[in-house]
Amino acid sequence: MSSSSPILTVLNQPTLTVESLQSRIDGLWQALETVTDPRKARGLRYRLPLLLSLAVLAVAAGAKTFLEIAENSADLPTRLLAELGVCSWSGTPSNWTFSRVLAKVDHDELDQALSGWTMQEYKPAEAVAVDGKTMRAATTGGDRHAPNPGRGRDELPR
């Protein structure tokens, strides 16, 4: 895995515990329950929050197509699938199921739910002003010179 992997980013957090991970998954489920299910109630095999949760997990792991989402879902541990509500007799959703459902879901509503979920864990940060001149050591008397916007491109600093 590369160092920019979203999975490694999550796993490398020092405060990550089973309890905090469980609360994040619970929070995701609660957020996705707010998304309106566009399907008819008759004949539904999978609840909408389940399909959306599996899709979010797969995309976080790098899936880019519906087939990859379905394959990633099928590769999840049985215990996790059972906790999410996948019945052993129905198996995991197919790529066609993900394709049909994700095409019908109101994308603005889904975006709102996911944005709300991701912002649950974050507290407002203090504003930090970064002055480009300070970063280039122009005001500290360093050796580097700040470029002058009025100077021509071919002209070098003295």
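The values are calculated or read from the model by the stated rules, or taken from the named source; none is laboratory data. Please read these numbers as outputs of a predicted model, since none were measured by experiment. Cβ: placed from backbone, ideal geometry, glycine included. Neighbour counts: every protein chain shown. For accessibility, only protein heavy atoms count, side chains too; no ligands or nucleic acids. Shrake-Rupley method; radii C 1.70, N 1.55, O 1.52, S 1.80 Å.
Once you put a point 7 Å from the Cα of Asp75 and another 7 Å from the Cα of Ser99, both along the Cβ direction, what distance in nm separates them?
Placing both labels 7 Å beyond Cα along the Cβ direction yields 2.1 nm.
What's the FRET efficiency of Asp108 with Ala61 using the Cβ-Cβ distance as r and R₀ = 25 Å, to the nearest 0.05?
Computed FRET efficiency for Asp108 and Ala61 comes out at 0.50.
Residue by residue through region 63-80, what is 3J(HN,Hα) from phi via Karplus (6.51 cos²θ - 1.76 cosθ + 1.60, θ = phi - 60°)? Round to whole Hz and write x for glycine and proline.
Coupling constants for region 63-80: 5, 10, 10, 5, 5, 5, 5, 5, 5, 5, 5, 5, 8, 5, x, 4, 4, 5 Hz.
List the extent of the Cα atoms of region 36-111 along each of their three principal axes, largest first, rounded to whole Å.
Principal-axis extents of region 36-111 (Cα, largest first): 29, 29, 19 Å.
In Å², what does the accessible area per residue of region 74-119 work out to with a 1.4 Å probe?
I get 67 Å² per residue for region 74-119.
Tell me, what is the FRET efficiency for Asp26 and Ala82 to the nearest 0.05, using R0 = 25 angstrom and their Cβ-Cβ distance as r? Please list the in-between numbers first.
Details: r = 15 Å, r/R0 = 0.62.
In this case the efficiency is close to 0.95.
What FRET efficiency comes out for the pair Leu44/Met119, r = Cβ-Cβ distance, R0 = 35 Å, nearest 0.05?
0.70
With a sphere of radius 14 Å drawn around the Cβ of Ala63, what net charge do the other residues whose Cβ falls strictly inside it have (Lys, Arg +1; Asp, Glu -1)? Display every interim value, and only then the final one.
Numbers: positive: Lys64; negative: Glu68, Glu71, Asp75.
Net charge in that neighbourhood comes out at -2.
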